[in-house]
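> Quick one: the structure is below, and I'll ask about it shortly.
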Amino acid sequence: MAEPQRIVIIGSGLAGASAAGALRERGYDKGLVLLGREAHQPYELPALSKNVLLGSADGPNRVHEPDFYDSHSVDLRLGVEVTELRLGERVVVDTTGATHSYDRVVLATGSTPRTLPVPGEDLPGLRTLRTVEDSLALRAALAERPRVVVVGAGWIGCEVAAAARSHGADVTVIDPVDLPLRRVLGPVVAKVFHDLHEQNGVHWRLGVGVDGFLPGGVRLADGSEVHGDLVVLGVGAKPNTELAEKAGLALADGGVAVDGALRTSHPDVCAIGDIAAHDHPRYGRRVRVEHWANAKDQGAHVAGTLLGLDEPYTAAPYFFSDQYDLGMEYRGLADPEHDQLVVRGDLDSRDFTAFWLREGRVRAAMNVNQWDDGVALQALTDAQATIPPDQLRSATLSDLA
Ligand SMILES: Cc1cc2nc3c(=O)[nH]c(=O)nc-3n(C[C@H](O)[C@H](O)[C@H](O)COP(=O)(O)OP(=O)(O)OC[C@H]3O[C@@H](n4cnc5c(N)ncnc54)[C@H](O)[C@@H]3O)c2cc1C
């Protein structure tokens with residue numbers, strides 16, 4: 001396949017900027033355009049719900065140094081929102097009507113926070129968290145120590161709750177599920193996070209959903225109300241698939257369908273990061289991952305695909321979180337309600353590693369406040385190793401990997 005003369009990347013988040021960097025690293029020296037609707041140079045999102053919100057960092061990490069784009073001849077155009085992908089003409093169109101031609105295009109448009117389709121959803125003052133502006137505005141509001149209502153006890157909701165408590169705010173977290181993070185971690189490990197927040201002063205309203213927003217709070221499905229000065233939604237994110245949809249690309253699993261090597265249903269177009277519903281060779285099914293490492297690594301991988309390699313992207317999902325004094329990493333992909341849980345260490349003191357096993361094989365591992373075994377855990381989950389539970393509990397992990 002001839003090397004493309006001009007590659008256009010749509011979306012200047014972590015995935016898009018990583019793809020641009022990797023193309024140059026691989027020696028691609030032709031036209032490379034990175035279009036992003038935000039005004040800022042590409043930055044990483046994790047700190048927005050952690051250090052930035054806590055006030056211990058002024059802003060998020062950049063994906064590359066400020067002069068990277070000029071020095072690597074990446075035509076970075078900020079404040080440019082793409083409205084159309086015309087596959088037949090091989091151009092993308094932006095909001096000003098300008099067209100950008102390409103030989104290959106990469107969709108890296110990320111996600112938008114969901115809202116709840118209930119009465120009052122349009123009330124001003126409901127907050128979501130995706131951009132640096134969202135984070136700085138929320139931080140300023142938290143400094144006033146308001147009564148905060150967090151809707152959704154997933155990762156973002158839990159991290160916002162932790163940051164709000166650190167600011168001294170009164171915090172109530174609401175979720176229709178009976179434990180925070182239960183869908184990802186299952187009941188036993190989710191209880192650790194429940195207790196962590198409770199011990200840090202969070203009020204829970206669990207097992208009951210929000211069925212309306214009010215000027216000063218929310219109404220719950222049981223008819224009760226929770227009052228607050230600030231309502232923050234952490235109810236998940238919706239992949240930005242509009243361009244792909246309009247262009248007629250195949251969709252799957254809420255995102256854009258891509259094959260093992262991250263190509264969409266059209267040979268000129270790849271998709272990466274939050275929007276990519278990837279045909280994952282390791283799991284034999286589609287997987288769409290909304291995590292930092294996936295965006296970064298798929299960005300690097302797609303460069304090879306664009307330059308003619310046909311290698312599958314095989315990395316297992318990886319993510320991390322920090323809440324109060326708890327830090328954790330999770331590797332792999334488990335079904336926590338059905339897989340066998342094996343705990344090494346002590347849940348109560350929040351110093352442990354959890355494994356999830358299916359048919360005896362390690363599907364996922366999560367280390368909490370333990371930092372020595374990352375390489376071994378990666379090897380065990382990558383190999384989906386068959387290890388007896390008693391060995392996982394007590395043997396030296398690097399000997400097992
Ligand atoms: C607050 C927060 C904290 C997080 N913390 C963690 C964490 O601790 N650990 C972890 O593993 N993951 C975390 N994540 C998830 C992780 O950051 C994302 O999965 C990752 O950033 C996805 O990268 P992306 O490039 O696909 O999308 P994004 O980072 O969303 O980038 C997409 C970019 O494309 C732009 N764009 C969209 N549409 C268009 C268009 N039509 N034209 C031009 N530009 C467009 C968007 O404005 C955006 O800048 C967090 C996410 C958030 C929001």
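> Could you check D253 against (1) under 30 Å from L196 (Cβ atoms); (2) charged (D, E, K, R); (3) assigned by TED's automatic domain parsing to the domain that holds A108 and say which number it fails?
With (1) under 30 Å from L196 (Cβ atoms); (2) charged (D, E, K, R); (3) assigned by TED's automatic domain parsing to the domain that holds A108 applied to D253, the lone miss is (1).
> Which residues, taken from the range 77-125, are touching a strand residue (DSSP E or B) at 6+ places or on another chain (Cβ under 8 Å), within 16 Å of the ligand (Cβ to nearest atom) and of a type in the set (A, V, I, L, M)?
Residues satisfying the conditions are L78, V80, V82, L85, L87, V91, V92, V93, V105, V106, L107, A108.
> Another question, if that's okay. Provide a single number: the residues in the range 292-315 that are surrounded by fewer than 22 Cβ atoms within 10 Å (Cβ to Cβ), in contact with a helix residue (DSSP H, G or I) (Cβ under 7 Å, 6 or more places away or on another chain) and closer than 30 Å to H197 by Cβ.
Residues that pass the stated criteria total 1.
> Scanning the range 279-312 for residues that are in a loop (DSSP other than H, G, I, E, B) and within 21 Å of S111 (Cα to Cα), which turns out farthest from the ligand (Cβ to nearest atom)?
R288
> Say whether the condition of being within 22 Å of L138 (Cα to Cα), assigned to a loop (DSSP other than H, G, I, E, B) and more than 18 Å from the chain's Cα centre (by Cα) is met by at least one residue in the range 225-242.
Kept after step one, since they are within 22 Å of L138 (Cα to Cα), are these residues of the range 225-242: 226-238.
Imposing the further condition that a residue be assigned to a loop (DSSP other than H, G, I, E, B) reduces the set to 228-229, 234-236.
Those left that are additionally more than 18 Å from the chain's Cα centre (by Cα): 228-229.
Yes, there is a match, as at least one residue in the range 225-242 is within 22 Å of L138 (Cα to Cα), assigned to a loop (DSSP other than H, G, I, E, B) and more than 18 Å from the chain's Cα centre (by Cα).
> If I ask for residues that are more than 20 Å from V92 (Cα to Cα) and touching a strand residue (DSSP E or B) at 6+ places or on another chain (Cβ under 9 Å), which ones from the range 8-22 would you list?
Passing the criteria: only L14.
> Here's a follow-up. It is to be established whether one or more residues within the range 321-335 are touching a residue at least 12 places away in the same chain (Cβ under 8 Å), touching a helix residue (DSSP H, G or I) at 6+ places or on another chain (Cβ under 7 Å) and surrounded by fewer than 19 Cβ atoms within 10 Å (Cβ to Cβ).
yes
The values are calculated or read from the model by the stated rules, or taken from the named source; none is laboratory data. Note that the coordinates shown come from a computational prediction; the quantities given were computed from them, not determined experimentally. We place every Cβ from the backbone using ideal geometry, glycine too, and count neighbours over all the protein chains shown.
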